[in-house]
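Derivation of every value follows stated rules applied to the coordinates shown; laboratory data play no part. Just so you know, these numbers come straight off a predicted model, no measurement behind them. Heads up, the Cβs are rebuilt from the backbone with ideal geometry, glycines too, and the neighbour counts pull from every protein chain shown.
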Amino acid sequence: MKILVVEDEHKIANSIKQGLEQENYTVDVAYNGEDGLDLAVTEEYDVIILDRLLPIIEGIEALKQIRKKNIHTPVLILTAKGQVEDKIEGLDSGADDYLTKPFAFTELLARVRALSRRHKNITDSVFKISDLTLNSKTFEVQRAGKKIKLSNKEFSLLEYLLRHAKQIVKKDQIMQSVWNYDSDVLPNSVEVYIKHLRDKIDKPFKKSSNLIHTIRGFGYKIE
């Protein structure tokens, strides 16, 4: 899953990014409201963590503009402004949750999980197709009862394909959802990681059908 952190205090922003990446999230960071707004309306995110007191465009104003553009990504306001009226203003402006500083990262993480579940309306963390299963909570992957070890990026790519099972997904969709906005990722990188997945979930299982398919001129599909 992909998260946008908009926070002008670099130490806090980078700490959140590091913590979320350790939990296998893909994270983009913006250090002012203008850059955060640009990313929010041009990229696809599962959750946005938004500070209130931001340079250039204040957090509440950025949130209002996000909602005006009919973007329904869950937004968690993260701020030192913790008065009741501040929370009311944030929620009335379109925020889904409100967390005041200082905060425990474990609480932030729990709120992010809750918001992402609500956004995608996911009732089950286990994805299954044929004899392949992926558990997004335990980060376990199995096929035909055998555990498969994947890198973080391979896991994210497989999870994305399974979330869109039986659908054709284009390379640019994969790049936007699985890699960071500022990553030096090329279309060839997607091909490389698709090959890595095939080498681990298709080739070793000779008695099972291949699951990952290339739809030439369009993209990829798992079915």
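General observations
- 4 °C / 1.567 mPa s Stokes-Einstein diffusion coefficient of the chain, Kirkwood radius on C-alpha pairs, µm²/s: 70
- Working note: Cα gyration tensor of segment 126-222, eigenvalues times five, square-rooted, sorted largest first, giving semi-axes of 21, 15, 12 Å.
- Contact order, relative form, for the chain: 15 percent (alpha carbon pairs under 8 Å, 6 or more residues apart, mean separation divided by residue count).
- Packing, as the average of other Cβ atoms within 10 Å across residues, places the peptides 102-109, 159-166, 125-132 in the order 159-166, 125-132, 102-109, highest first.
- Percent RCO, i.e. relative contact order, over segment 2-120, from Cα pairs under 8 Å lying at least 6 residues apart: 23
- Cα pair count fraction exceeding 25 Å, expressed as % - segment 2-120: 10
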